[in-house]
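Remarks on the structure that follows.
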Amino acid sequence: MTDPAVLPGAAAFFGCLADPTRLRLLHAVAADGPSTVGELARRLGIGQSTCSHHLRRLAAAELVVLRERGSSTSVAVGTARLTGAWQVADLLLGLVPDAGAPPSTRTGPDAGTHPGAGAHPGTGTPSGIGTPSGTGTSSGAGTPSGTGTRSAAGTDSGAGTDREARPSAVAGPAATGPADPLVRPLDARDWDAVRRIYAEGIATGSATFETEVPAAAELDGKWPPEHRWVAELDGELAGWAALTPVSARRCYAGVAEVSIYVAAAARGRGVGGLLLDRQVRAADDAGLWTLQSVIFPENRACLALHHAAGFRTVGVRERIGMLRGRWRNTVLVERRRPGPG
């Protein structure tokens, strides 16, 4: 059940934007920058009193900020509200946490591990986090050692957004029973298993727009060696994660898309969270500033996995691509590295 505390704010948000004049005003301010009430009234061809009325409603919803400047009133976008507007999309997708649940709590036994965990449909890359092309290859990305562990409850690590807040093991009682997954860099011996797990994800129809598994040479060429990981469980490869640069342009050198797949037999064992945690840590160490992923909205487990790792919903792209004869929507999520920049 959605936390009741978020519902009034969401209702106010939708109610305020129900009027087309307010949408036009908000678009004008967002697209062209700060303005004045008089200028906006002239541009939209409405009376100044009507313009003022609608702007007051937008200001009450914190969508714009009004400031008196002598005899005129300036209007600017309410960045705090719009930056948090992704929460409305999350509400519609059913991803707002339950009341009383910690923000980092994942919503399932192994959120994000549909067979082939992940959900990156959007760029022709595997699941979960995406497939940018372009850099993500900064040296020093490192291959942090360590295996990563999970609590006895099976909660994946990597729930926080600040690197210091993401210990290698989740706080809690020592794990007992089945062994924890071991996360290590992907090497040449892993390609057959990586492609097999990739095929499992394709078969679900919920992980990617791909319909055939790319050749190992193709994957090897687009995934930077310092940003690809595998998880071993009970002596078998249980999942993998990789970054793909989003662009070859220097301005996007720190932006990459993540792909995560978990074997069907390994679901519920914390594999997806450990892989994503390792991927995020390595990206932070390498100086990458943005990780993104494109996920089918039906893959709510994968969306929850990314939110638990500090990703936020940017928006929903409608009918962006066709898979098996059907138009599909995708959800874009991203995580910004903490700190300056």
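Every number here is computed from the coordinates shown, using simple stated rules; none is lab data. All values derive from a computational prediction rather than experimental measurement. Note that each Cβ is placed from the backbone with ideal geometry, even for glycine, and that neighbours are counted across all protein chains shown.
Brief remarks on what is shown
- Within-13-Å neighbourhood charge of residue 321 [Cβ basis; K, R +1; D, E -1]: +3
- Rounded to whole Hz, the Karplus (6.51, -1.76, 1.60) HN-Hα couplings of segment 222-230, x for glycine and proline: 9, 9, x, x, 7, 10, 9, 9, 10
- Prolate/oblate/rounded call for segment 228-341, Cα gyration tensor, a/c under 1.5 rounded: oblate
- The protection proxy used here, the mean number of other Cβ atoms lying within 10 Å of each residue, ranks peptides 219-232, 36-49, 292-305 as follows, highest first: 292-305, 219-232, 36-49.
- Relative contact order %, segment 4-82, counting alpha carbon pairs below 8 Å whose residues are six or more apart: 31 percent
- Highest-first arrangement of 270-278, 306-314, 185-193, 18-26, where packing means the average Cβ count within 10 Å: 270-278, 306-314, 18-26, 185-193
- Ordering of 323-329, 281-287 by packing is 281-287, 323-329, highest average first (other Cβ atoms within 10 Å, averaged per residue).
- With each label modelled as a point 7 angstrom along the Cα→C-beta vector, the residue 71-residue 203 pair spans 7.5 nm.
- Restricting attention to segment 188-341, close to 90% of DSSP beta bridges with both partner residues there are antiparallel.
- In order along segment 310-316, phi translates into HN-Hα couplings of x, 7, 10, 6, 8, x, 10 Hz, rounded to whole numbers, per the Karplus curve 6.51 cos²θ - 1.76 cosθ + 1.60 with θ = phi - 60° and x for Gly and Pro.
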